[in-house]
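Reviewing the structure listed below.
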Amino acid sequence: SSFTFYAGLIAQNSGDYIEAIKLFERAMQQARQVNANRQYVYAKIELAHTKSLNESFETSLNDFQAVYLEAYALNDDSIIGLIYEGYGHIYGYMEQYEKSIEYYEKALSIYQKLGFKAQIADSIYGLATTYRYWGKFDLALDAFTQYETVLNYTPNKDIRFFYLYGLSMTLAESGDCLNAMPIIDQALKLDAEKDFYAELYKQKAYCLITVKRLDE
């Protein structure tokens, strides 16, 4: 079940959502056969998350509501935090930003209580990104600054990409292209998935048009 679960995560991260859904469903079946309840819940959480990435929002919400009851029975705050974070993702995709912020803040509160540094960083990034999509750019910039501060938990420098990506996109979308473009260039020097690079190149092109540097 664990092996199948991680294969599902690889498929999800590669953008192959159909394969990821199949693998998470198989991992759930395998976990059920041996009463591995936590593994079952982890797989169901990622299944719901994958469905949201595939824009099956209502199905995803129903899955989260079902898994919440099972997670609550396990009395495990770390799993509840994952579910709240998942709700934050889904409501953000659905453009219900106020609800998204509410659930990210719930997840952050749990992770801070548990001292889970990576999850604290993820929740803050979720808050920052939601504020960015909501058009609340000052709040987004504050959250991205907070995100940069908590990244010292890891020696992995490439994770700084997400800070630079979020910061530069927020600045550009708020109309501050002159400050955004050098940060876009910094982000492009770090390792990340190609779709993020595409968004940065597209945003830089828009900024270059804005400042009349048309040849570039």
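The values are calculated or read from the model by the stated rules, or taken from the named source; none is laboratory data. Given the structure is predicted, the values throughout are model-derived calculations rather than measurements. Don't worry about glycine lacking a Cβ; one is built from the backbone with ideal geometry, like all the others, and counts go over all protein chains shown. Accessible surface areas use protein heavy atoms only, side chains included; no ligands, DNA or RNA. Shrake-Rupley method; radii C 1.70, N 1.55, O 1.52, S 1.80 Å.
Only one of the listed residues (Glu55, Glu46) is over 19 Å from Ile101 (Cα atoms) and outside any helix (DSSP H, G or I). That residue is Glu55.
Of all the criteria given as (1) over 19 Å from the mean Cα position of the chain (by Cα); (2) of a type in the set (S, T, N, Q); (3) open to solvent by 60 Å² or more (accessible area, probe 1.4 Å), the one not satisfied by Ser174 is (3). Pick from the stretch 82-125 the residues that are touching a Phe, Trp or Tyr at 6+ places or on another chain (Cβ under 6 Å) and polar (S, T, N, Q): which of them is surrounded by the fewest Cβ atoms within 10 Å (Cβ to Cβ)? By that ranking, first place goes to Gln119. With respect to Ser78, determine if the residue is open to solvent by 20 Å² or more (accessible area, probe 1.4 Å), among the polar types (S, T, N, Q), at negative phi and in contact with a Phe, Trp or Tyr (Cβ under 9 Å, 6 or more places away or on another chain). Considered against the rule, which asks whether it is open to solvent by 20 Å² or more (accessible area, probe 1.4 Å), among the polar types (S, T, N, Q), at negative phi and in contact with a Phe, Trp or Tyr (Cβ under 9 Å, 6 or more places away or on another chain), Ser78 comes out as yes. Filtered by the rule that a residue be open to solvent by 70 Å² or more (accessible area, probe 1.4 Å) and either part of a helix (DSSP H, G or I) or touching a strand residue (DSSP E or B) at 6+ places or on another chain (Cβ under 9 Å) (or both), the stretch 126-137 gives Tyr133, Trp134.
Scanning the stretch 50-72 for residues that are buried (at least 22 other Cβ atoms within 10 Å of the Cβ) and either under 12 Å from Leu82 (Cβ atoms) or in contact with an Asp or Glu (Cβ under 6 Å, 6 or more places away or on another chain) (or both) yields Phe64, Val67, Ala71. Within the stretch 138-161, the set of residues being open to solvent by 70 Å² or more (accessible area, probe 1.4 Å) and part of a helix (DSSP H, G or I) comprises Asp138, Leu139, Asp142, Thr145, Gln146, Thr149, Asn152, Tyr153, Lys157, Arg160.
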